[in-house]
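Step one of this worksheet: look at the structure below.
The values are calculated or read from the model by the stated rules, or taken from the named source; none is laboratory data. Quantities reported herein were computed from a predicted structural model and do not represent experimental measurements. Quick reminder, even Gly has a Cβ in these numbers, built from the backbone with ideal geometry, and neighbours come from all protein chains shown. Side chains included, ligands, DNA and RNA excluded: accessible areas come from the protein's heavy atoms. Shrake-Rupley method; radii C 1.70, N 1.55, O 1.52, S 1.80 Å.
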Amino acid sequence: MQLTPQSRVDDFTARGWWGDLTLDHWLQRNRADVPDRLAIVDPMNRASLDGKTPRRLTWGELGIEVDRVAAALLDLGLTKDDVLTYQLPNIIETVILALACSRLGLIISPVVMPYRAHELGHVIDTVRPAAIVTLAHFAGHDHAVMALALAGGRECKVLVLGGNVPHGADDLDAAITAADPEKAVAYCDAQPMQPAEVFTIFWTSGTEARPKGVPRDQNHWIVNAKMVAEAADIREAEVLLNPFPLVNIGSFGLVTPWLMRRGTLVLHHPFDLKVFLEQIAAERVNYTIAAPAILNALLKTPGLLDSVDLTSLRAIGSGSAPLSPWMIEGFAHDHGIEVCNIYGSNEGASLFSDARQVPDHHDRARYFPRMGVAGIEWPGSESAAMVQTRLVDIETEQDVTEPGRPGELRFQGAATFGGYFESPEISANAFDAAGFYRTGDLFEIAGDEAPYRFYRFVGRCKDIIVRGGVNISPAEIDDLLAGHPALKEAAVVGVPDERLGERMCVAAVPADGHAPDLGEISGWLKGQGLAIFKLPELLVTVDALPRNAMNKVSRRDLRNTVLEMLGV
């Protein structure tokens, strides 16, 4: 299935951004060039997940298993351009399945394990998969039975891994055992996957609205591999630890450089801090990713990091929320680990602030290189040459070119998608008249002097708190509160106010069961240099901040909770 116009493919290919590679080209290269190198490692706690013994596969073994699973899918009636939805934990079989689909030209549209009938039904209604792959049971839920109920009346098979296959579903393990790998080889030779064809339809996080399907071609994923490898300085044969579900660009963004650099991919599920640290030490991990809240918690737990051998770990990627300067500084100075600040989305809007381009730790927490802007060069950066960015005033649609004035960040280029799946109206509104993708995020131009080489994140366009006609970024306040020693975590939301329009309320999770009062929090924020007009005026204490399946704070849910607690 090719959704990208051929004119765009020809243009980007002529520029050297896209080419003739697919992810399967890298897999076949790796199994031929380094067949005995360790390729992939199961979660060390897999037995507690599904009762199976953790496995370790070399590139040669992985290649054979991918062919066998691909042949099984063919035997079960799937063919090129069919959509396959999977709901699986981070286990080796999940990666093998994804690579088998890439090899055959199937399109994967996976979902996280916590999804239930409401969310999974929306995905099925939208992409109309030919098959759903899942486990019979996981964490007390009957996933296969749920999938069968949703697939009823559709031409959609339910394929079950791991045994206990309910009536009406197909035993994928049995099909894999009976399959002939050569069948997949012959099929792929006859109709190989093309770089411009869709490989994934991932889903937006849904923190503000119903999730939307984001198609990405093989070309997009090859570019993604190059960008992540550059940002994280991922090297040949390095060990990468993936702690997140393989359902979006954040986690799959480790699979692509793993393939590119012929390394070792260590899987983790569900997120468990103790197991996470044990895996880093046991597998000699070089690079991993973690949410800002996790990194903050690690530094706020005295002695925890010192109790584990982290000498192999040289860098961590983090994003999805603003990073705190004290956190980046703490990892670098106390543990010799550099934190890479990552801004990105499934749609392909990507900026990276790393140790090479932004060596100052405080700057790295707040700034991103202004890539793809005329007159600003980033020597040695292939990523900067493949994107264009601009800031636009959301009311006037005029370009913002002076520092300190917020505007919406917009993207176009080799990494950016072309539109949401079968949603023409939503897609039309997602791009401006010049063809730039509207991120919905406010940034401002920053730096010490012209040509002002950086962007600074301000906040979501829809999240901005308007107090007395003045815009306040909740993300900026969240960033500072993350460093408060008496708070485990905190976030702010706007509360309606007749006189000012909105007031700011802090939702605080205390570190020791007792939260500081509003006066203490405001005084601490003033001590961090925050302007008085940005100080919060209300405070509630909560047990935890609401998060979605991707561990992002759902400010919409938090706002509803705060309003209920305040009786507004």
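Kindly identify segment 510-568 as rounded, prolate or oblate by the Cα gyration tensor criterion: order the square roots of the eigenvalues as a ≥ b ≥ c, call it rounded if a/c is under 1.5, otherwise compare a/b with b/c, prolate if a/b is larger, else oblate.
Numbers: a/c = 1.65, a/b = 1.61, b/c = 1.03.
Prolate is the answer for segment 510-568, as a/c is 1.5 or above and a/b outweighs b/c.
With the crude spin-label approximation of a point 7 Å out along Cα→Cβ, what separation in nm comes out for residue 307 versus residue 167?
5.1
To the nearest 10 degrees, how steep is helix 181-190 against the longest Cα principal axis of the chain, on a 0 to 90 scale?
Helix 181-190 and the main axis of the chain meet at about 80 degrees.
For residue 526, which lysines qualify as cross-link partners when the Cα separation must be under 22 Å and same-chain residues fewer than eight apart are set aside?
Partners found: 300, 488, 534.
In debye to the nearest 20, how big a dipole does the chain give about its Cα centre with +1 on each Lys and Arg Cβ and -1 on each Asp and Glu Cβ? Mind dumping the intermediate values first?
Values: 51 positive and 74 negative charges, 32 e Å.
Computed about the Cα centre, the dipole is about 160 debye.
Find how many whole Å separate the alpha carbon centroid of segment 1-33 from the alpha carbon centroid of segment 184-246.
That distance is 12 Å.
On a 0 to 90° scale, report how tilted helix 59-75 is relative to the longest principal axis of the chain, with both axes built from alpha carbons and the result rounded to the nearest 10.
Here the helix axis deviates by roughly 70 degrees.
Go through 423, 447, 483 and say which Cα lies farthest out towards the positive end of the charge dipole of segment 395-510; charges sit on Cβ, +1 for Lys and Arg, -1 for Asp and Glu.
Going by the charge dipole, the pick is 483.
Helix 218-232 sits at what angle to the longest principal axis of the chain, using alpha carbons and giving 0 to 90 degrees rounded to 10?
Helix 218-232 sits roughly 50 degrees off the main axis of the chain.
Among DSSP beta bridges lying fully in the chain, give the percent that are antiparallel, nearest 5. Before the final figure, lay out each step's value.
Values: 48 of 82 bridges.
Restricted to the chain, the bridges split so that about 60 percent are antiparallel.
Which of the peptides 379-389, 122-132 is most tightly packed, and how do the rest follow, judged by the mean count of other Cβ atoms within 10 Å per residue?
Numbers: 379-389: 17.8, 122-132: 20.5.
The most tightly packed comes first, giving 122-132, 379-389.
Between residue 3 and residue 433, what FRET efficiency follows from the Cβ-Cβ distance if R0 is 22 Å, with the result rounded to 0.05? All intermediate terms of the calculation are to be shown ahead of the outcome.
Working: r = 21 Å, r/R0 = 0.96.
Working from the Cβ atoms, E equals 0.55.
Using a Förster distance of 30 Å, how high is the FRET efficiency between residue 448 and residue 273, based on the Cβ-Cβ distance and rounded to 0.05?
The computed FRET efficiency comes out at 0.20.
Work out, step by step, the length gained on full extension between residue 376 and residue 178: first 0.36 nm times the residue separation, then minus their alpha carbon distance; give nm to one decimal. Mind showing how you got there, number by number?
Values: separation 198, 0.36 × 198 = 71.28 nm, distance 5.72 nm.
In short, 65.6 nm is gained.
By accessible area of protein heavy atoms, probe 1.4 Å, what ranking do 543, 441, 142 get, highest first?
Descending order: 543, 142, 441.
Relative to the Cα centre, what is the charge dipole magnitude of segment 414-459, using +1 at the beta carbon of each Lys and Arg, -1 at the beta carbon of each Asp and Glu, and rounding to the nearest 20 debye? Show your work: numbers first, answer last.
Details: 3 positive and 7 negative charges, 15 e Å.
Using only the charged Cβ atoms, the result is roughly 80 debye.
Which whole-number percent is the relative contact order of the chain (Cα, under 8 Å, 6+ apart)? Could you put the intermediate results ahead of the total?
Working: 1141 pairs, mean separation 58.8, N = 568.
Relative contact order, the chain: 10 percent.
Segment 408-482 to segment 260-323: how many Å between their Cα centroids?
For segment 408-482 versus segment 260-323, the Cα centre distance is 28 Å.
Amide H neighbours of residue 18 under 5 Å, counting only residues 5+ apart in sequence or on other chains, H built in-plane at 1.01 Å?
13
Beyond a 29 Å Cα-Cα separation, which of these cross-linked pairs lie in this structure: 80/462; 157/274; 52/212; 52/274; 183/226? Write down the numbers at each step before the final one.
Values: 80/462 40 Å; 157/274 38 Å; 52/212 34 Å; 52/274 20 Å; 183/226 32 Å.
Violating the 29 Å limit, Cα to Cα: 80/462; 157/274; 52/212; 183/226.
Within the accessible area of segment 431-568, what % is carbon and sulfur when the probe is 1.4 Å and the other protein chains stay in place? Provide the component values of the computation, followed by the final result.
On the way: 3170 of 6480 Å².
Roughly 49 percent, rounded to a whole number.
Residue 82's amide H: which non-local residues (gap 5+, or another chain) put their own amide H closer than 5 Å, with H modeled 1.01 Å from N in plane and none for Pro or chain starts?
Those lying under 5 Å, H to H, from residue 82 are 107.
For segment 477-487, just list the computed ³J(HN,Hα) in residue order, Karplus coefficients 6.51, -1.76 and 1.60, θ = phi - 60°, integers in Hz, with x standing in for Gly and Pro.
Computed from phi, the couplings for segment 477-487 are 6, 4, 4, 5, 5, 4, x, 6, x, 9, 10 Hz.
In whole Hz and in residue order, list the ³J(HN,Hα) couplings for segment 103-116 that follow from phi through the Karplus curve 6.51 cos²θ - 1.76 cosθ + 1.60, θ = phi - 60°; x for Gly and Pro.
Coupling constants for segment 103-116: 5, 7, x, 7, 10, 8, 9, x, 9, 6, 4, x, 4, 10 Hz.
Based solely on its DSSP helices, what 222 nm [θ] is calculated for the chain when runs of n ≥ 4 H residues each add -39,500 (n - 2.57) and the sum is averaged over all residues, nearest 500 deg cm²/dmol?
Details: 20 runs with 197 residues, N = 568.
Mean residue ellipticity at 222 nm (helix-derived): -10000 deg cm²/dmol.
So in segment 196-275, what percent of DSSP beta bridges are antiparallel if you round to the nearest 5?
Working: 5 of 9 bridges.
In segment 196-275, approximately 55 percent of DSSP beta bridges are antiparallel ones.
Tell me the carbon and sulfur percent of the accessible area for segment 1-139, rounded to whole percent, probe radius 1.4 Å. Mind showing how you got there, number by number?
Details: 2610 of 4990 Å².
Summing carbon and sulfur atoms, their accessible area is 52 percent of the total for segment 1-139.
Enumerate the amide H contacts of residue 467 below 5 Å, restricted to partners 5 or more residues apart or on another chain; note that Pro and chain-start residues carry no placed amide H.
HN-HN under 5 Å from residue 467: 472.
From the backbone phi of segment 525-532, what are the Karplus-calculated ³J(HN,Hα) couplings (6.51 cos²θ - 1.76 cosθ + 1.60, θ = phi - 60°) in whole Hz, Gly and Pro given as x?
Taking θ as phi minus 60°, the curve returns 5, 4, x, 8, x, 6, 4, 4 Hz for segment 525-532.
I need the shape label for the chain. Rule: rounded when a/c is under 1.5, else prolate if a/b > b/c, else oblate, with a, b, c from the alpha carbon gyration tensor.
Details: a/c = 1.56, a/b = 1.44, b/c = 1.09.
Prolate.
With unit charges on the beta carbon (Lys/Arg positive, Asp/Glu negative), name the residue among 188, 150, 201 whose Cα is farthest towards the positive pole of the charge dipole of segment 96-209.
The one lying farthest along the dipole's positive direction is 150.
Taking the solvent-accessible surface of protein heavy atoms with a 1.4 Å probe, what is the per residue accessible area of segment 102-185 in Å²? List each step's numbers first, then the result.
On the way: 3460 Å² over 84 residues.
Spelled out: the 1.4 Å probe surface of segment 102-185, per residue, equals 41 Å².
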